[in-house]
Every structure is written in C-alpha cells, then in structure tokens.
1. Mind listing whichever residues of the range 582-633 are basic (Lys, Arg) and within 27 Å of Asp704 (Cβ to Cβ)?
2. Considering each of Ala236, Ala216 in turn, give the residue that is under 21 Å from Arg199 (Cβ atoms), of a type in the set (Gly, Ala, Ser) and over 30 Å from the mean Cα position of the chain (by Cα).
3. Within the group Arg508, Arg569, which residue is open to solvent by 30 Å² or more (accessible area, probe 1.4 Å) and assigned to a loop (DSSP other than H, G, I, E, B)?
4. Go through the range 99-113 and give me each residue that's hydrophobic (A, V, I, L, M, F, W, C) and open to solvent by less than 30 Å² (accessible area, probe 1.4 Å).
5. What residue, of Leu243, Leu276, is at pLDDT 80 or above and either open to solvent by 30 Å² or more (accessible area, probe 1.4 Å) or in contact with a Cys (Cβ under 9 Å, 6 or more places away or on another chain) (or both)?
6. Identify, from the list Pro773, Pro827, Pro817, the residue that is over 28 Å from the mean Cα position of the chain (by Cα), open to solvent by 70 Å² or more (accessible area, probe 1.4 Å) and either polar (S, T, N, Q) or at pLDDT 90 or above (or both).
7. Hey, Val90 hits all of (1) open to solvent by less than 50 Å² (accessible area, probe 1.4 Å); (2) at pLDDT below 85; (3) over 25 Å from Ile274 (Cα atoms) but one; which does it fall short on?
8. Residue pairs, Cβ under 6 Å, 6 or more apart or interchain, first in the range 345-362 and more than 14 Å from Gly802 (Cα to Cα) and free of Cβ contacts under 8 Å to residues at least 60 places away in the same chain, second open to solvent by 10 Å² or more (accessible area, probe 1.4 Å) and among the basic types (Lys, Arg). List them.
Amino acid sequence: MKAGDSLLHYRLAEKIGEGGMGQVWRASDSTLGRDVAIKILPPEFAADPERLARFDREAKVLAALNHPNIAAIYGFHEAGGVRFLAMEMVPGEGLDRKISRGAIPADEAKGIALKIAEALEYAHERGIVHRDLKPANIRITPDGTVKVLDFGLAKAMVGDPTMSGPVSTPTILPTVTSAGTAAGMILGTAAYMSPEQARGKPVDRRADIWAFGVVAVEMLTGKRLFEGETVSDTIAGVLTRPLELDGLPYASLWKRCLERDPKLRLRDIGEARISLERPAESKPKPAARASWPLIAAIGILAVAAIWGWLPRKEAPSIPERRVEIAFPSDYRADGFAPPALSPDGRHLAVVGVDAAGLSHLLVRSLDGFNYERLEGTEGSVYAFWSPDSTNLGFIAEGGLKRLDLSGRVVETILPEGVGPRGASWGKDGTILYAPSANSALWRVPATGGTPERVTTLDPAIVDGSHRLPIWLPDGEHFLFSVWSNNAKAVAEVGGLYLASVGGGEPRRLTRDTGSFVLTGSRLLFHREGNLLAVPFDPRTFAIGSQSTVVAPGIRYSPNSGIAAVSASRDGDIVFLGPNPRPQPRIEWLDRKGAATPVMALSQDVMSIRISPDLTRFAAAMDDANGLTEISVGELGRGTLTRLTRSQNDSLAPVWSPDGTRIAFNNRDSGVDDLYVMSAAGTRPKERLWIAEDVDTVLYDWSADGRYLLFTGRPRQGVVRSQIWIYDERERKARAWIAEDYNVGTPVLSPDGRWLAYVSDESGRLEVYLRSFPDLERKIQVSTQGGGPPHWRRDGGELLFFGGPQDRRGTWSVSIAPSADGLSIGDPVLLFPATAEVSAIDAAPDHSRFLAVVQPGALEEPPFHLIQGRRDERSR
C-alpha cells in the first residue's frame with residue numbers, strides 16, 4: 001500500500017507505524033469527513049480463516065467500547081483482499097516519549113494514572129482485558145485528554161495471551177503471525193508483562209493491574225522499572241527483581257498493584273481509581289508513647305485471659321480466601337445451568353456451550369488448571385453431584401443421566417420427562433427432580449427404576465411448580481421452592497419449603513423464591529441481584545432471620561429462578577458474577593452467513609420474527625424490571641417501539657399473514673394464554689384462548705389466517721409435548737398431534753397441505769412432514785438431527801436449524817410436488833451455527849435471515865471461589 005491508495009471510503013495519507021500487528025496509516029474518511037487511523041493486518045494473518053474469524057468476533061466486541069479515555073474502534077473491514085481496522089485517530093504525544101524526558105510531576109502523573117484506571121475499569125466491567133498496556137499504547141492529546149490505544153487487540157490477534165514468536169529487541173516481543181496457540185509461549189511487551197504472563201500462563205484483568213502499576217512507577221521516576229540487555233534479562237527482572245517503591249506518592253497502591261502473586265495483587269482497578277481520587281497520602285505519624293499504667297492494664301487483661309479469669313471466646317475463624325477460576329476457554333455459560341462444586345470441594349463441574357451452540361459437561365480439579373470435556377454429556381443443561389463426589393448426575397435432552405468419573409461411563413436413569421429445574425442426589429441413592437416447568441417433585445433411584453411423586457401441587461395456583469430440591473443430611477427431609485409466574489401467587493404461597501419423604505404438610509421457611517444452596521450451617525440464595533447467606537440448622541431446621549451479603553452481584557435467571565452458585569458441604573462457595581457482555585445487536589445474514597449490521601439493542605431478546613413485508617420485526621425482549629415484553633422494530637429506520645405493557649411475561653410473537661396483527665403468549669393470568677393485538681399498538685391486547693391445563697409456546701400463523709399453531713405440554717399426567725392448533729373461525733383449540741413421544745414447533749405449508757414439525761420418536765429430534773389436516777402421510781426430512789423448521793413463501797424449500805452435533809447450523813431441503821405427494825431433497829448446510837446467535841428468523845423468501853447476535857459470547861468472566869469460614873462449617 002502507498003499514500004493515495006483507497007480502502008473502501010478511506011484514503012491513505014501517510015504511514016505512521018509498523019510492527020507485529022501490521023501497518024498503521026493516517027487516512028481520511030470521505031463519508032464522515034474525519035481523519036482515522038487504519039491498521040492493516042499482515043497478509044499471513046488474513047490468510048488464516050480461523051484467526052480471521054476470531055479477530056472479527058473480538059473486534060466487534062471491542063467496537064462496543066465507548067469511553068472518553070479509550071480510543072474507539074470504528075469497524076473491521078475487507079477491501080481487495082486487504083483486512084484492516086478503522087480506528088480513532090488520536091493526536092498528541094505518546095506517554096513513552098513523555099516519560100523519556102524524565103519524571104512527570106506527581107500531580108500530573110496522578111491525573112494521567114487516574115484516567116488510565118477509569119478506562120481499565122470501564123473495560124473490565126465489560127469483560128475486556130487490554131493485555132498489552134504500556135506507555136506506547138497511551139497518548140496525551142493537545143488538550144490533555146488521556147487515551148488508551150489498542151484495547152484488547154492482543155487477544156484479538158492471537159486469541160490466547162500465552163503466545164509469542166521471534167524476539168527483536170530486549171523489551172518488545174512482537175505478535176506472532178503463525179496460526180494457532182501454544183501454552184507456555186509469551187505475547188506482549190516484556191517490560192510490562194505480569195509475572196504470570198511472562199511465565200506463559202493464562203491472564204485476566206490482574207495482568208492489566210500489574211502493567212498499570214509499572215506504568216505509574218515509570219511516570220513518577222522517569223526510568224524503566226524492568227530493563228535488561230536481553231528479553232531473558234528483562235523477564236528475569238519481572239519475575240525476581242526486588243522493587244524499591246518507598247518514598248513514591250501512593251507507594252502502598254503501587255505495591256498492591258505489583259504483587260507478583262496474582263492472588264495477593266489488587267483485586268479491582270476500581271480500587272486504584274478510588275485511592276487516586278482521595279487526597280494524597282501523608283507521611284505516617286510517629287506512634288504515641290503508651291503510658292505505663294495503660295501497658296500494665298493491658299498486661300493484666302492478657303494474664304486474665306490466659307488463666308480464664310475473663311469469659312472465653314470461640315477461636316477465631318480462618319480468614320476467607322477469595323480467588324478467581326477461569327471459565328473454560330472457547331465456551332460460554334448456559335443461562336440456566338449453575339456451576340456444580342463437588343461435596344468434598346475438590347472438583348468443579350460446569351455446563352459449557354461451544355461455538356456451535358452445543359452444550360457439554362466440563363470438569364476440573366481445583367488443584368489443577370485444565371478442564372476436561374466429558375464425552376456422552378452433549379446437550380447437558382444441569383449438573384449435580386452424588387454425596388460421595390464420585391458420580392455426576394446431569395439432565396440432558398429431556399432425560400436424567402449419571403456419569404461415573406472413575407470409569408467415565410454414562411448411564412441413563414430416565415430417558416425423558418426431566419426438565420432443567422434442579423435435582424438433588426440423596427445419601428440413600430435417591431434423586432429428587434422436577435419433571436417440567438409446572439410440576440411437583442418426583443424421585444427415582446440413581447440406578448434407575450420407576451419414578452414416584454413426592455409433593456403435591458396446590459390446584460388453586462394454575463401455573464404453580466415445585467423445583468430446585470435439596471436433600472438434607474438426615475436423608476429424610478428436603479427443601480424445595482414453590483414457584484409461580486403470577487406475582488400474586490408468589491406473594492401468597494411462594495418461597496422455600498421443608499418437606500419429608502415420610503409425608504406430612506410441607507412447611508414454609510422463607511418467602512424468598514428461587515434456588516437455595518446448603519453449605520455447612522448456612523443457606524445461600526439470590527435476592528435483588530445479590531448473593532446472600534442466612535443461618536440454617538440442618539438438624540432442627542431452624543432458619544435465621546438476619547441475612548448477610550456474600551457477594552454484591554451474581555448471575556441469575558428470572559425465568560427459572562436459578563442462581564449461578566454452588567457450594568461444598570464444608571462451606572466453600574463458587575459463583576458467577578453478573579454477565580458483563582455487551583448488549584446484543586441485530587444483523588442480517590445472507591445464505592452463506594455473512595453479516596450486515598442492522599441496529600444495536602439495549603435489552604436481551606428471547607425470540608425474533610420478521611414481518612411478511614420485510615420492513616419490521618417483532619421481538620420478545622426483557623425490560624428493565626425483568627419482565628419480557630413484545631416490541632416492534634423498523635428495519636429501515638432502526639427504531640424500536642414497545643407493544644405490550646403487561647403484569648407478567650409476553651412471549652413468542654407471531655405475525656398475521658397480512659402483517660396487521662401480532663399473536664403472542666401472555667402470563668397475566670399465570671398461564672401462557674394466547675393473545676392478539678394490532679401490530680401498530682393502536683388497540684389493547686385481546687385474549688383468544690385460556691391455557692388452563694397446558695403450557696404453550698406459540699409458533700406459527702397459517703397463510704390463510706385461520707390457524708394459530710403452537711407447542712403444548714399438559715401440566716398433569718403425560719408430560720410429553722404435543723402439537724396444538726387454535727382455530728380462529730371456531731374460537732377453539734385442541735391437541736392435533738399427541739403421541740408417546742415429544743413433538744413441537746409446528747409450521748403449516750403455504751398451501752395448507754403439509755405440517756412440518758420436530759419429533760424425538762427416533763430417539764433424537766428430527767424434522768418431519770405430515771399431511772394436513774388428515775395426518776395420514778408422514779415423511780422424515782432431516783437425517784442426522786434437526787430443529788425448528790421454516791417454509792419458504794412458495795413452498796419450494798424447507799429450512800431447519802440444528803443438524804448433527806459436529807455440523808450444527810442452518811440447513812436447506814428442496815421440496816417439490818410428485819406423483820405420490822412430495823419429492824424431498826437431501827439436507828444441505830447453508831452456514832454453521834455460532835454461539836453468538838441467540839435468536840434467528842428467516843425472511844419469507846429465504847434470501848436472508850434476521851439474527852440476534854450476542855457480542856463476546858465466547859469470553860466469559862471467571863468464577864469466584866470463596867474458601868474458609870470454617871467457623872460455620874458442618875461438624
């Protein structure tokens with residue numbers, strides 16, 4: 001490239017830098033009339049599809065950063081085979097040059113450090129770590145603004161921060177451009193690496209805190225803190241050189257930042273910001289000389305305590321130790337699955353969702369660093385341990401299973417009829433579980449057998465359920481939550497209950513709902529976004545009235561009541577904090593999966609549907625109060641209008657064929673009734689049908705406007721899902737396909753002659769066609785697994801989402817009339833699934849797809865592990 005060349009609408013002016021991450025050019029943006037910095041990636045990088053895809057994903061996450069002290073990334077582009085980033089052009093001087101002229105005055109250095117801390121705090125709260133913080137990546141503009149450059153690009157370039165290549169200078173380790181990652185290798189700038197980074201270990205935000213401390217000390221001294229003749233000498237200094245920081249302003253802060261053991265280092269850069277915002281440290285005053293009478297009094301008290309003259313106190317508890325445990329790399333957390341800490345506190349099991357959207361169980365020893373993916377656990381949604389910590393129970397694909405960790409053998413306890421609403425393994429080998437979202441609790445031997453119901457629902461609560469059971473140590477009593485989507489019912493009867501397998505009326509212990517975790521003599525639970533603990537005696541079942549905050553934030557699913565927390569029997573706790581990922585956005589995907597941005601969102605989206613004329617979309621979105629409501633967006637203008645304002649969740653929007661109305665489920669009555677309202681919101685919602693005895697999920701509106709099709713699951717008796725149809729002409733609904741297996745997600749062909757749906761009759765979900773309305777002919781469409789289907793407007797193609805475990809994605813099947821009914825083509829993969837896509841819908845002509853994308857879905861924050869509190873452990 002040369003000055004004067006153009007990349008899209010960017011015209012290159014002059015090269016201003018070059019290094020391992022490529023060339024950097026000053027350029028002009030002809031569209032917006034501004035100067036930008038263009039970073040052109042190395043050709044060998046652009047030739048690596050895997051790294052390119054990772055960089056694209058990371059760049060989109062970084063582009064969401066919006067902070068006055070962070071240089072903005074405008075976009076990641078391709079032109080003529082050249083891949084490049086467009087970034088904010090920051091004028092001024094690099095901090096490295098400013099330091100090279102000598103020490104910076106203390107007040108000025110403090111101001112710069114404060115702005116760096118604010119930038120790091122903003123990014124860390126969103127799960128983004130810089131990984132290459134150094135003076136050369138910090139600029140001071142002519143008006144004094146501090147800008148941090150290249151945020152997160154080190155990870156975007158190579159994915160794994162433990163990576164390096166050939167060395168060129170004593171202090172700089174250039175980014176490697178070969179593909180892949182390698183444990184034990186180093187990436188970054190040696191003089192600013194944290195000790196763990198220099199050793200080639202995985203890094204987190206504490207590496208940024210170390211680099212922040214190094215930069216701050218260099219500003220105050222005007223000298224390189226770690227410097228040697230070779231890279232090895234520099235790294236040796238990072239690992240072993242004594243640090244002489246006494247006498248510097250805020251010396252105690254820099255010492256905390258520069259603790260070589262990351263477990264002892266400053267935990268949060270926000271603490272550094274707070275320290276810098278306070279008045280400067282003053283020198284410690286000489287200690288006042290104690291008077292002899294006071295010393296004598298202290299001595300007398302000490303002797304008295306030794307001899308028991310004073311009342312004795314309990315021995316002090318072992319201090320808590322809080323550490324972070326990395327989430328499995330290349331996986332994201334499942335929204336409903338909490339971590340599972342083994343009862344002996346030695347192993348952690350988690351449900352991780354891979355890049356294709358398939359969940360697995362992963363387990364690691366707390367004495368080690370690596371997770372092992374457990375084969376045979378695909379589709380897992382919930383995990384729990386046996387009391388002796390030798391077996392893992394788990395719920396997967398609607399069944400209950402167990403895995404012996406010694407032999408790695410998976411056994412099926414129940415093949416179906418188990419939902420992800422909690423399970424507990426008792427000391428007698430019996431497992432308590434919840435069959436569905438609206439059921440009582442059942443039990444079954446861990447070795448298999450006939451299930452037995454152990455609780456009874458209150459018939460007055462139409463959508464009530466019992467869930468999240470906990471066996472107590474005596475093996476006879478257990479705890480469970482009474483749950484409802486109806487706020488009034490929750491207030492009246494919701495909460496944590498105590499029950500016995502021997503019978504008797506369950507007793508409510510507390511009105512708090514959701515998951516509880518028993519650890520030693522405490523119960524952990526979620527309330528208003530926090531993790532709390534309350535005293536509990538598992539022998540007398542007495543529960544305390546005063547709760548304490550264990551952590552100020554915890555991940556929580558309001559739809560299931562499950563908090564992401566687990567504990568050992570002796571008091572160790574592991575939990576996930578609130579999800580810091582950026583908010584979702586909407587994109588168009590073409591038939592190869594290539595994306596075009598549409599609009600950013602501020603709420604999470606449960607489902608999305610495109611209007612028949614392709615100008616709007618309807619989405620079920622979470623609001624600020626945790627309710628899900630229906631909103632309508634304008635695709636051309638990027639506007640979003642809330643359609644429903646209900647007392648409870650509104651879900652599963654479906655457009656009428658003419659685009660004038662939207663049907664949906666609403667839970668104002670406590671159950672998933674069918675409603676319809678004007679797509680313009682000009683009239684209030686109208687209830688079509690009361691779902692008294694069945695849980696429903698609306699899915700399709702027939703092309704002739706007559707039928708609404710939905711999945712239904714009876715609340716009593718058989719718990720297998722069925723296909724239901726509401727007839728608008730007759731104003732009635734009935735089960736259309738009810739079999740001895742699960743069926744659902746029904747869609748009717750445009751001519752009304754064929755019903756497409758999914759069924760697990762073969763042992764896994766596949767897509768089928770049934771003649772409509774007689775249901776006499778049946779054709780299997782998918783061959784290696786399939787998910788929700790979608791008809792093309794002319795009936796010539798059927799799409800489905802899913803497929804085999806190693807090739808999940810969006811599939812196309814051609815459909816043509818034939819002499820005996822239909823001619824079905826072989827499934828063809830259009831594009832693979834990615835974990836970032838949380839909801840998707842196809843355009844009526846199947847030319848493109850509207851997708852909800854979760855940025856940074858593969859970068860989870862670490863688990864928090866709390867060890868200690870032996871004063872409250874079980875005896």
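The values are calculated or read from the model by the stated rules, or taken from the named source; none is laboratory data. Note that the coordinates shown come from a computational prediction; the quantities given were computed from them, not determined experimentally. All Cβ positions, glycine included, derive from the backbone under ideal geometry; neighbour counts span all protein chains shown. When the accessible area is computed, the model is the full protein with side chains, heavy atoms only, and any ligands, DNA or RNA have been set aside. Shrake-Rupley method; radii C 1.70, N 1.55, O 1.52, S 1.80 Å.
1. The answer is Arg609, Arg616.
2. Within the list Ala236, Ala216, the selection yields Ala236.
3. Working: Arg508 fails: assigned to a loop (DSSP other than H, G, I, E, B).
The conditions single out Arg569.
4. We begin by selecting, within the range 99-113, every residue hydrophobic (A, V, I, L, M, F, W, C); these are 99, 103-104, 106, 109, 112-113.
Hits for the range 99-113 are Ile99, Ile104, Ala109, Ile112, Ala113.
5. Leu243
6. Going through Pro773, Pro827, Pro817 in turn, just one is over 28 Å from the mean Cα position of the chain (by Cα), open to solvent by 70 Å² or more (accessible area, probe 1.4 Å) and either polar (S, T, N, Q) or at pLDDT 90 or above (or both): Pro773.
7. All conditions are met except number (2).
8. Pairs found: His360/Arg373; Leu362/Arg373.
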